[in-house]
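Report on the following structure.
The values are calculated or read from the model by the stated rules, or taken from the named source; none is laboratory data. All figures in this text were calculated on a predicted structure; none of them were measured in a lab. Note that each Cβ is placed from the backbone with ideal geometry, even for glycine, and that neighbours are counted across all protein chains shown. We work out accessible area using only protein heavy atoms, side chains counted, and drop any ligands, DNA or RNA first. Shrake-Rupley method; radii C 1.70, N 1.55, O 1.52, S 1.80 Å.
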Amino acid sequence: MLLWAARNRWLRDHLSHWWWVRRAVRKFMPGEQRSDALAAAERYKEAGIFAVFTLLGENLTEFAEGEAVAAEYQRLLADVVERKLHGEISLKLTQLGFDIDAEGAYRLFDQLAVEAASTGNWVWIDMEGSAYTERTVAFYERALAAHQNVGLCLQAYLLRTPADVQRLLPKKPAIRLVKGAYDEPASIALHKRTEVSAAYLAVASMMLEALAAGRMSRAILATHDTELVGRIAGFPAAFGLAPARIEVQMLYGIRAAEQRRLVAEGYDASALIAYGTYWYPWYMRRLAERPANVIFALRQLLP
Ligand SMILES: Cc1cc2nc3c(=O)[nH]c(=O)nc-3n(C[C@H](O)[C@H](O)[C@H](O)COP(=O)(O)OP(=O)(O)OC[C@H]3O[C@@H](n4cnc5c(N)ncnc54)[C@H](O)[C@@H]3O)c2cc1C
């Protein structure tokens with residue numbers, strides 16, 4: 001129901017203005033402005049946690065909106081340098097106008113990758129619903145042929161993901177592995193929690209083995225499932241990797257104590273910090289991941 005609500009236009013136009021919903025969303029994002037995200041990254045830096053910024057937004061109606069998004073990311077990259085932060089960026093291709101002008105979206109992405117490379121920074125591509133998977137992987141292949149500082153998110157619940165990893169390995173990719181946040185049919189995606197975890201484990205193992213063999217530039221485990229991370233933690237030793245080579249990424253506001261624990265144990269930990277005004281569908285997907293958060297949202301109605 002929550003994933004349906006994420007796509008519902010009426011709910012998006014109304015719910016996102018209700019004060020208690022706006023108050024509840026603060027659990028997952030520090031604020032709507034770039035300055036809010038940068039301030040949060042400074043707090044994380046003190047705890048030894050790196051930042052990854054994402055401007056919320058998807059599925060535009062005009063290409064000019066995509067250009068505005070790219071310009072915002074350019075400003076963000078400049079701010080990261082000015083504030084001496086360790087902060088990468090992660091974006092959705094539909095945010096760059098991918099649906100309207102795929103070539104134009106590539107041009108915008110290309111400029112961002114060049115800008116990021118000039119200061120040793122990285123640009124990541126989020127993975128959206130399955131209607132975009134093939135096109136996004138193909139887009140990434142093209143970007144990877146031109147840039148070394150670009151990475152792609154892959155979803156463990158999709159049956160095609162092991163083949164996508166194999167397809168990308170000859171090009172030395174950087175991959176961020178997630179479980180997957182969209183409502184996909186059983187013909188293409190796993191649904192049972194245990195099956196998704198098993199698939200995650202299998203793909204993570206494939207990635208770390210490739211990382212150890214120098215066939216991947218980076219491998220990121222993006223999950224709050226620290227039990228799963230604990231099981232994967234045995235792999236680096238098996239593959240001869242130092243534990244610090246494991247990058248674990250979580251979302252802002254979720255399992256903060258676990259993020260600090262991972263840093264203390266020598267992992268490379270980072271937090272994805274979202275900002276912007278278009279947070280409604282993104283927030284609904286966060287609620288769907290953990291329906292207990294709905295109770296938290298409702299409690300915001302109390303004084
Ligand atoms: C850095 C990052 C980037 C992501 N990028 C993408 C992307 O590009 N495309 C995509 O499809 N998905 C993305 N996701 C979302 C991902 O697919 C999952 O939906 C999400 O991470 C929940 O799965 P989990 O791995 O944390 O495991 P789960 O099994 O869902 O959760 C494990 C435990 O973590 C805690 N937890 C998980 N989610 C929440 C929450 N929302 N609130 C509070 N506690 C929670 C709970 O205690 C839960 O028991 C991203 C996730 C992260 C962390």
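Measuring nothing but alpha carbons in the chain and taking Rh as the Kirkwood radius, the Rg to Rh ratio lands at 0.94. Based on the Cβ-Cβ distance from residue 294 to residue 188, what FRET efficiency comes out when R0 is 30 Å, to the nearest 0.05? The formula returns an efficiency of 0.65 here.
Dividing the mean sequence gap of close Cα pairs (under 8 Å, 6+ apart) by how many residues the chain holds gives a relative contact order of 25 percent.
Not counting the cut sites, what is the longest span of the chain without GluC sites (Glu not before Pro) that DSSP labels loop and that have at most 15 other Cβ atoms within 10 Å? It works out to 63-264. If you run the Gaussian network model on the chain, springs between alpha carbon atoms under 10 Å, then out of 36, 13, 99 the most flexible one is 13. A dipole drawn for the chain from +1 and -1 charges on Cβ atoms has a positive end, and of 222, 147, 14 the residue lying farthest that way is 222. Remark: the residue 255-residue 172 segment gains 26.8 nm on full extension, using 0.36 nm per residue and subtracting the alpha carbon distance. Principal axis extents of the Cα atoms in segment 1-55, from largest to smallest and rounded to whole angstrom, are 40, 21, 16. With both bridge residues required to lie in the chain, what share of the DSSP beta bridges run antiparallel, to the nearest 5%? Taking every DSSP beta bridge with both residues in the chain, the antiparallel ones total about 5 percent. Ligands, DNA and RNA left out, the accessible area of segment 30-278 computed with a 1.4 Å probe is 53% carbon and sulfur. Under 20 Å from a label point set 7 Å out along the Cα-to-Cβ vector of residue 101, the amide N atoms of segment 62-76 belong to 62-75. The calculated FRET efficiency for residue 62 paired with residue 23, based on their beta-carbon distance and R0 = 45 Å, is about 0.90. If you count Lys pairs in segment 30-278 whose Cα atoms are under 29 Å apart, skipping same-chain pairs closer than 8 places in sequence, the total is 12. Between residue 110 and residue 201, the contour length at 0.36 nm per residue exceeds the Cα-Cα span by 29.5 nm.
The distance linking segment 93-172 with segment 187-202 is 23 Å (Cα centroid to Cα centroid, whole angstrom).
The amide H of residue 156, built 1.01 Å from its N in the peptide plane, has 178, 179, 180 as neighbours under 5 Å, considering only residues 5 or more places off or on other chains.
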